[in-house]
1. List every residue pair whose Cβ atoms lie under 6 Å apart, where the two residues are 6 or more positions apart in sequence or sit on different chains, the first residue falls within region 12-34 and is without any contact (Cβ under 8 Å) to a residue 12 or more places away in the chain, and the second residue, located anywhere, is surrounded by 14 or more Cβ atoms within 10 Å (Cβ to Cβ).
2. Give the residue that is farthest from Lys62 (Cα to Cα), with candidates limited to residues of region 30-47 that are in a helix (DSSP H, G or I) and among the hydroxyl-bearing types (Ser, Thr, Tyr).
3. Just to be sure, is Gly56 without any contact (Cβ under 8 Å) to a residue 60 or more places away in the chain, at positive phi and loosely packed, with under 15 Cβ neighbours inside 10 Å?
4. Applying the selection to region 11-23, what residues are in contact with a Ser or Thr (Cβ under 8 Å, 6 or more places away or on another chain) and more than 16 Å from Phe60 (Cβ to Cβ)?
5. If Ser41 satisfies every condition in (1) at pLDDT 95 or above; (2) of a type outside the set (D, E, K, R); (3) in contact with a Leu (Cβ under 9 Å, 6 or more places away or on another chain) but one, which is the exception?
6. Which of the residues that make up region 13-34 are at positive phi and within 12 Å of the chain's Cα centre (by Cα)?
Amino acid sequence: MTSDYRIESNQPIAGRLWPAQGSQQLDVSDLSLAITLAAKSFTPSSEIRVVHVPTGEIIFRKPPKAHAEWTGEL
């Protein structure tokens, strides 16, 4: 079985649903699962990306936790 998607970050990823606590990447074969895990996980100061491995295209990006909060300013 090959994994078509990789969830990755420059820092260790954490989260309640993250199956590999402390790792910086996880290979997943299902896009929906990859995006869900990435969206529900976090890092202190690095974005989380879902990459389509065969093409290298970044499918989804989640900003670092510190930047994910809306401040109300434009």
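The values are calculated or read from the model by the stated rules, or taken from the named source; none is laboratory data. These numbers come from a predicted model, not from an experiment. Neighbour counts run over all protein chains shown; Cβ positions are idealised from the backbone, glycine included.
1. If the second residue must be surrounded by 14 or more Cβ atoms within 10 Å (Cβ to Cβ), the pairs left are Ala20/Leu26; Gly22/Pro12.
2. Within region 30-47, the match that is farthest from Lys62 (Cα to Cα) is Ser32.
3. Considered against the rule, which asks whether it is without any contact (Cβ under 8 Å) to a residue 60 or more places away in the chain, at positive phi and loosely packed, with under 15 Cβ neighbours inside 10 Å, Gly56 comes out as yes.
4. Answer for region 11-23, where residues must be in contact with a Ser or Thr (Cβ under 8 Å, 6 or more places away or on another chain) and more than 16 Å from Phe60 (Cβ to Cβ): Gln11, Pro12, Ala14.
5. (1)
6. Answer for region 13-34, where residues must be at positive phi and within 12 Å of the chain's Cα centre (by Cα): just Gly15.
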